[in-house]
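Trainee: Handing you this structure, nothing more for now.
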Amino acid sequence: MRRRSWTRCSIPECRAGDVTLAYEVRGDGEPLLLIAGCGQPAAAWHLSLVPSLVGAGYRVATYDNRGVAPSTSPPAPYTVDEMTGDALSLLDHLGWHEPVRIAGHSLGGWIAETLVLEHPGRVRSAALMGSANRPTAWEIAITTVERDLARLDFDLPSLFYATQTLRYLPIADIQNDDVVSAWLSLTADLPPWPNPGRLGQYEAALAWSTDPARTIRWPEIAVPCLILAFEHDVDSPPDKARQAAATIPQCEYVEIEGSGHIGIVTHADEVAGHLIDFFARR
């Protein structure tokens, strides 16, 4: 998910180097950290997965990545490594020093993947959702466009940004007038995602997408992982996700039928069920 603007009040904050992160913790039990994707507000987790995960007995932490309000937006560019450091700072702030379960979506999955590789002692198990794939020509091209538009620092009509998000839906849904009309009614009036956060996150995403060398480290992963893919995901295609799962030791693979890149929202109950099953065993 690449652009949203949400307003929240009385949210706890955590200082992480050059950024202040807004976060929430809900529930009781063993800790679980959710890491949002590019431009995705943490509030979206509370509309999708948090209720089920809390109901399953987890203490769930969510936070807004640098560049997404109400967290702060330092000057661009950002890197996945910097954003991984932000996640570690939040874990320290929460006192979660023992290995915890984590789940990341899209850009958040890349952050989770980096945590698993660089800080395996902090991660008990990880779910990588809509994120584990070798770079694709589409992913590089669309992220380059988004980065270049952000560099212009010019806001196009709101309907442009809304139609951009339609690619996160399956083709069958995009061809359904009722689905498209309902989707646009939810998204067309949202304000543009402002800079420098927009540019910063797109810079991080593009640097990751154009680095094929990162995938050669998958066999080094020593933490149990779940790769959760979406059948019609154009950003992280299932065939690429299956290849990643076959390369990562101890990795399980699940594919959500009939879903696009934002299956965490459109198929939230099914996604939550798979996470709960995986984390119960891992």
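The values are calculated or read from the model by the stated rules, or taken from the named source; none is laboratory data. Keep in mind that what you see is a predicted model, and the values were worked out from it rather than measured. Note that we place each Cβ from the backbone using ideal geometry, even for glycine, and neighbour counts take in every protein chain shown. Side chains are part of the model used for accessible areas, which takes the heavy atoms of the whole protein and leaves out ligands, DNA and RNA. Shrake-Rupley method; radii C 1.70, N 1.55, O 1.52, S 1.80 Å.
Trainee: Here are ALA207, ALA241, ALA213: which of them is modelled with pLDDT under 95 and within 18 Å of THR114 (Cα to Cα)?
Mentor: Criteria check complete, one pass: ALA213.
Trainee: Additional query: Tell me, yes or no, whether the stretch 119-134 has at least one residue that is under 22 Å from PRO237 (Cα atoms), in contact with a Lys or Arg (Cβ under 7 Å, 6 or more places away or on another chain) and open to solvent by 10 Å² or more (accessible area, probe 1.4 Å).
Mentor: yes
Trainee: Could I ask something else about it? Taking the condition of being among the aliphatic types (A, V, I, L, M) and at pLDDT 95 or above, how many residues in the stretch 185-204 meet it?
Mentor: Final tally of qualifying residues: 2.
Trainee: Related question: Could you pull out the residue among LEU228, LEU186 that is in contact (Cβ under 8 Å) with a residue 60 or more places away in the chain and either more than 24 Å from ALA141 (Cβ to Cβ) or in contact with a Gly (Cβ under 6 Å, 6 or more places away or on another chain) (or both)?
Mentor: LEU228
Trainee: Answer yes if at least one residue in the stretch 255-266 is open to solvent by 60 Å² or more (accessible area, probe 1.4 Å), part of a helix (DSSP H, G or I) and hydrophobic (A, V, I, L, M, F, W, C), and no otherwise.
Mentor: yes
Trainee: May I ask you to verify whether ASP155 is in a helix (DSSP H, G or I), of a type in the set (D, E, K, R) and surrounded by fewer than 16 Cβ atoms within 10 Å (Cβ to Cβ)?
Mentor: It is false that ASP155 is in a helix (DSSP H, G or I), of a type in the set (D, E, K, R) and surrounded by fewer than 16 Cβ atoms within 10 Å (Cβ to Cβ).
Trainee: Something else now. Looking only at the stretch 71-121, count how many residues are more than 14 Å from the chain's Cα centre (by Cα) and closer than 24 Å to TYR253 by Cβ.
Mentor: The total comes to 8.
Trainee: Restricting attention to the stretch 199-243, report how many residues are surrounded by fewer than 16 Cβ atoms within 10 Å (Cβ to Cβ), among the acidic types (Asp, Glu) and not in a helix (DSSP H, G or I).
Mentor: 2
Trainee: Here is a follow-up. Filter the stretch 159-184 down to the residues that are hydroxyl-bearing (Ser, Thr, Tyr) and either within 22 Å of the chain's Cα centre (by Cα) or surrounded by 15 or more Cβ atoms within 10 Å (Cβ to Cβ) (or both) and list them by number.
Mentor: Residues satisfying the conditions are TYR161, THR163, THR165, TYR168.
Trainee: Given the conditions (1) closer than 17 Å to VAL116 by Cβ; (2) of a type outside the set (Gly, Ala, Ser); (3) out of contact with any helix residue (DSSP H, G or I) (no Cβ under 8 Å at 6 or more places or on another chain), which single one is not true for TRP218?
Mentor: Every condition holds for TRP218 apart from (3).
Trainee: Which ones in the stretch 20-63 are farther than 16 Å from GLY108 by Cβ and open to solvent by less than 10 Å² (accessible area, probe 1.4 Å)?
Mentor: Hits for the stretch 20-63: nothing passes.
Trainee: Okay, next question. Suppose we filter ARG147, ARG101, ARG66 for residues that are surrounded by 18 or more Cβ atoms within 10 Å (Cβ to Cβ), in a helix (DSSP H, G or I) and touching a helix residue (DSSP H, G or I) at 6+ places or on another chain (Cβ under 8 Å); which single one remains?
Mentor: ARG147
Trainee: What are the residues in the stretch 199-234 that are in contact with a Pro (Cβ under 7 Å, 6 or more places away or on another chain), among the polar types (S, T, N, Q) and closer than 27 Å to GLN250 by Cβ, if any?
Mentor: Passing the criteria: only SER209.
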